[in-house]
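Worksheet: the structure to be examined is printed underneath.
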Amino acid sequence: MPSPAVQLNFSTTWSYAPAPESAAHVKVAPRYELFIDNRFTPPAEGGYFDTINPATEKKLSEVARATAADVDKAVAAARRAYEGPWSRLAPNERGKYVYRIARMIQDRARELAVIESMDGGKPIRESRDVDVPLAAAHFFYYAGWADKLDYAFPNRSPKPLGVCGQIIPWNFPLLMAAWKLAPALATGNTVVLKPAETTPLTAMKLAEIIQDADLPPGVVNILTGAGDSGAAIVNHPGIDKIAFTGSTEVGKLIQKSLASSRKKLTLELGGKAANIVFADAPIDQAVEGIINGIFFNQGHVCCAGSRLLVQESIAEMVLRKLKDRMRTLIVGDPLDKNTDVGAINSKPQLEKIQQYLKIGGEEGADLWCTECDLPQRGYWCRPTLFLNCSQSHRVVQDEIFGPVLAVQTFRTVEEAIEKANNTPYGLSGGVWTDKGSKIFKVSSQLRAGVLWANTYNKFDPASPFGGYKESGMGREGGLHGLLPYLSLN
Ligand code: NAD
């Protein structure tokens, strides 16, 4: 066991000068229309709604609200493209378009990163170093598969499905669009995509990229709107497949409404991952992993390590080090390169988190949070711990989707596994230990689709991602991510 005397010392007299990323180069139009058949098209009857910057509460732009009539138009365009130019294209030519999108995302990386941070509240360091590069990497990766599908599935004659409806959440707007579009296009499908209502802007920039990349009209259509626009896509009879990423609650609704239809369905839903720290773990590294696991993207991460399970013998030391490290986290302006924790994505999401802060206290858990200053305007939440939680507490069972970590202890490997598995979710998890055999034992018994050992939140387009239980069905990424977009004879 590491000596408790080995202590990280974060105390310093240094303070950081502001290091804001300039937004002067960014062009955000006052209004965005729907993107149908490669043209920006006014909505039939839905009008427009505002998208705001959650760090300032100021309006950035307004976007169109798609209704059933617009979905009809977009599906018809996608069908024409599917049966026309897109299916006649040689696979390597299709791949070239996907490569082109990847390169154009790289060309416009700085603009996309700034817009992502303005519209969604995430720190610029994350949108610049994670969201945008990973989105480009996803297109590059799947472009490579476009002309190799027969090798990926030998003797199975893979065929595209047709028109895919894709609905995405607000936590990684551009990246989730890439996760959806890249495999669908590489496999020869056409798409109607709906971004989340609070973060439509990078999807509209992606529409510009698709136009500039000269994709045949109708191959990608992007409709903005809220839940009713999403439901109109789900229920449209001309759609062959629905790919949904979002909450378990909405995922269940979609599954019910498609139960008697021929449409294929994949669901990437919520999570409540356990980050398990054993006494033989590299403790300082584990503390960084706990911080990254829950405070990355303000905890708005489906695979966030939102439960800490720490072995009882080291709990006191780990919590002391964790609190010390949490005190150093800078919460504030998402465009400042020093910022660690940005703005909460929307007012309703902040209210949901605040509701859980209340519930946790009422249930008897001990709330501890940092004392950092928060900006006057905007939506903010201090990095928070719930200590002395028990398994039945809602803050242990429910996905809060904010910078709030529920802490529990355990004594044995078996207890850790049982507690980790004891939620309705099964998306991800983390294991911290010096022993390879323990990593294998624990990870083989955790009911979670994605597991990290002695690290956390590592993503790669070649690696499949997805859940068990109420975290969804189907996989995105890697070879597995091609399957939901193909029929195999
Ligand atoms: P949400 O379910 O409220 O919304 C997701 C999307 O669905 C949005 O575009 C929304 O407009 C749309 N929608 C809402 N109601 C709909 C309906 N009835 N029919 C069709 N579409 C509808 O989720 P959210 O709050 O935007 O996102 C957060 C959730 O997403 C969290 O639970 C998180 O865990 C999950 N998520 C999962 C993954 C994953 O890969 N498993 C990745 C990111 C986020």
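Translational diffusion of region 288-389, estimated by Stokes-Einstein from the Kirkwood radius over alpha carbon pairs at 37 °C in a medium of 0.692 mPa s, is 227 µm² per second.
Accessible area ranking (1.4 Å probe, heavy atoms, ligands and nucleic acids excluded), largest first, for C381, C302: C302, C381.
Region 186-223 and region 71-97 have Cα centres spaced 13 Å apart.
Pop out the carbon and sulfur fraction of the accessible area of the chain as a percent, whole number, probe 1.4 Å.
Of all accessible area on the chain, carbon and sulfur atoms account for 52 percent.
A helix-only calculation puts the chain at -11000 deg cm²/dmol for mean residue ellipticity at 222 nm, using -39500 (n - 2.57) for each DSSP H run of at least four residues, averaged over all residues. Ranking A143, M104, P18 by Cα position along the charge dipole of the chain, where only Lys, Arg, Asp and Glu carry charges on their C-beta atoms, puts A143 farthest toward the positive end.
Surface exposure of region 359-489, expressed per residue as accessible area with a 1.4 Å probe, stands at 43 Å².
Pairs exceeding a 29 Å alpha-carbon distance, out of K180/K438; K252/K358; K272/K323; K263/K419; K180/K435: K180/K438; K263/K419; K180/K435. Centre-to-centre separation between the Cα atoms of region 318-393 and those of region 242-301: 19 Å.
Its alpha carbons give the chain an Rg and a Dmax of 22.5, 70 Å. Take the Cβ atoms of A259 and S444, set R0 to 25 Å, and the FRET efficiency comes out at 0.15. What percentage of all Cα-Cα pairs in region 1-155 are separated by more than 21 Å? When every Cα pair of region 1-155 is considered, 67 percent fall beyond 21 Å. Of the whole protein surface, K441 contributes about 90 Å² of accessible area at a 1.4 Å probe radius. Just to be sure I understand the curve: with the Debye formula and one point per C-alpha of region 351-489, what is log10 I(q)/I(0) at q = 0.11, 0.22 Å⁻¹? Log-scaled intensity ratios, in q order: -0.54, -1.35.
With q set to 0.14, 0.18 Å⁻¹, the log10 of I(q)/I(0) for region 272-453, from the Debye formula over equal scatterers at the Cα positions, is -0.70, -1.16.
The values are calculated or read from the model by the stated rules, or taken from the named source; none is laboratory data. None of the values given here were measured: they were computed from a predicted structure. All Cβ positions, even for glycine, are placed from backbone atoms using ideal geometry, and neighbour counts span all protein chains on display. For the accessible areas, the whole protein counts, side chains as well, though only heavy atoms, and no ligand, DNA or RNA atoms are used. Shrake-Rupley method; radii C 1.70, N 1.55, O 1.52, S 1.80 Å.
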